[in-house]
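The values are calculated or read from the model by the stated rules, or taken from the named source; none is laboratory data. What you are looking at is a predicted structure, and each value in this text was computed from that prediction instead of being measured. Cβ placement follows ideal geometry from the backbone for every residue including glycine, while neighbour counts extend to all protein chains displayed. Heavy atoms of the whole protein, side chains included, go into the accessibility calculation; ligands, DNA and RNA do not. Shrake-Rupley method; radii C 1.70, N 1.55, O 1.52, S 1.80 Å.
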Amino acid sequence: MRLRIRTRASPKGAILIFALWALAFLSVIAAQLSVAVRQRITVLERLNARIELRYLAQSGARKAVSLLKSYAKDADFFFAGEGKQLRHNNPLQFSEIKFNAGKASVLYWDENNSQEPVRKFGMTDEAAKLNINKAKSGQIDRLLVLGLKMNEEEAKQLAMALVDWRSPGDSELTGFYSDEYYANLQFPYRSKEADFETWDELLLVKGMNEGILKQMRRFFTIYGDGRININTVPRQVMASIGLTDDLAGKILAVRRGPDGVDSTADDYIFTKPYDVAGELGRIVDLKAEETEQIDAWNISGGLSVESRVYSIESEAVLDKSQEKKVILCVFNIKDDKIEYWREE
């Protein structure tokens with residue numbers, strides 16, 4: 001005789017199993033929600049950091065503009081050695097300007113050092129640079145080689161392409177027809193046959209790229225009237241317009257004053273374009289041909305002793321991260337306006 005044993009699930013056991021399954025299911029849902037929330041928080045933190053960086057960089061640039069306008073109110077001071085120092089070598093005002101979330105610095109690389117560029121806190125004089133809208137292709141060519149260390153043939157081709165872009169009529173480039181070249185690109189356009197108006201426009205020119213353009217900002221400009229400020233111009237730019245190395249050295253030595261350092265309070269400031277050769281000759285010995293070079297520079301209308309357009313680069317960093325934000329700004333004191341603004 002066999003005994004049959006019947007088993008019956010306990011109601012409490014069934015409830016426990018159901019509760020465990022429900023708990024496991026809810027745990028999975030909670031984990032997924034937690035991941036989604038963390039991702040969203042991370043995205044929001046990054047967006048907030050970018051916004052903070054942007055405001056920091058903007059604050060640095062706007063402080064530089066405000067100080068520049070303030071300095072310019074006193075013309076005698078503005079064009080003296082002390083004024084030059086405040087604009088171009090002023091870490092007290094332009095190095096690590098503190099704000100709530102981080103700091104911003106207004107800085108540039110000074111090309112007036114005899115060996116390597118020196119990092120300084122302040123702004124750049126656009127009149128210390130060669131104006132692409134006014135310069136001849138040979139001058140642009142020489143400066144590309146001297147300043148950017150570009151290959152001579154590449155420099156020559158790029159210089160002529162830049163001049164061709166702004167000039168009406170036929171190209172200087174042998175065998176190069178600009179209208180045909182630009183018209184047959186994947187996204188065709190025509191050469192402008194007028195002055196460059198913004199830095200970004202140069203990227204449209206044959207042979208130009210972002211890397212070259214960034215380097216060119218150190219020595220070239222498209223702003224101002226094309227006259228070059230002898231009180232700030234670096235050696236490479238003087239060489240590009242035809243001044244000998246000896247003459248450039250004499251100008252730099254006199255300009256730096258007794259301490260031998262550019263952009264300090266004891267800098268010698270040339271004040272009269274028509275008398276630069278005379279002023280220089282009273283301090284150092286000038287050869288007849290050197291006097292002729294300066295006079296020719298002045299007679300051509302290319303010599304200046306002042307500037308009204310300045311380039312400002314504001315670099316911002318957050319305290320809680322190493323992310324950076326850079327704003328490039330060109331400010332025209334004479335017209336009281338921002339000529340260029342780019343955020344990188």
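Which of the trypsin sites (Lys or Arg not before Pro) found in region 246-344 are in a DSSP loop and have at most 13 neighbouring Cβ atoms, other than their own, within 10 Å?
In loop regions of region 246-344 (DSSP not H, G, I, E or B), the sparsely surrounded trypsin sites (Lys or Arg not before Pro) are R282, K287, K320, K334.
Using a simple spin-label model with points 7 Å from Cα along the Cα→Cβ vector, what separation in nm is obtained for N48 and A296?
Taking the simple label geometry, N48 and A296 are separated by 6.4 nm.
Which of rounded, prolate, oblate describes the chain, given a ≥ b ≥ c as roots of the alpha-carbon gyration tensor eigenvalues and a/c under 1.5 marking rounded, otherwise prolate only if a/b is larger than b/c?
In terms of gyration-tensor shape, prolate.
Around G102, which amide H atoms from residues at least 5 apart in sequence, or from another chain, sit under 5 Å from its own amide H, with H modelled in the peptide plane?
Residues meeting the amide H criterion: D319.
Could you work out what % of the accessible surface of region 251-344 is carbon and sulfur, using a 1.4 angstrom probe and leaving DNA, RNA and ligands out of the count?
Looking at region 251-344 in its full context, I get 49 percent from C and S.
Place a +1 charge on the Cβ of each Lys and Arg in the chain and a -1 charge on the Cβ of each Asp and Glu, then give the dipole magnitude about the Cα centre in debye, rounded to the nearest 20.
So the dipole magnitude of the chain works out to roughly 3640 debye.
Using a probe of 1.4 angstrom, how much of the accessible area of region 130-245 is carbon and sulfur, in percent?
Roughly 48 percent, rounded to a whole number.
Could you list the GluC sites (Glu not before Pro) in region 86-159 that lie in coil according to DSSP, counting only those with at most 15 other Cβ atoms within 10 Å of their Cβ?
The qualifying sites are E96.
Among I228, A296, A19, whose Cα sits farthest toward the positive end of the charge dipole of the chain (+1 at Cβ of Lys/Arg, -1 at Cβ of Asp/Glu, about the Cα centre)?
Value: A19.
Amide H of D110 versus every other amide H placed in the peptide plane: which residues, excluding those fewer than 5 positions away on the same chain, fall under 5 Å?
Answer set, sorted by chain and number: V118, R119, K120.
Structure shown: which of K69/K325; K134/K337; K63/K136 lie over 32 Å apart, alpha-carbon to alpha-carbon?
The pairs that break the limit, which is 32 Å between Cα atoms, are K63/K136.
Assign unit charges at the C-beta atoms only (+1 for Lys and Arg, -1 for Asp and Glu), then state the dipole size of region 154-290 relative to its Cα centre in Debye, rounded to the nearest 20.
The calculation lands at about 220 debye.
Quick one: compute the contact order of the chain, relative version, from alpha carbon pairs under 8 angstrom and 6+ residues apart, as a percent.
22
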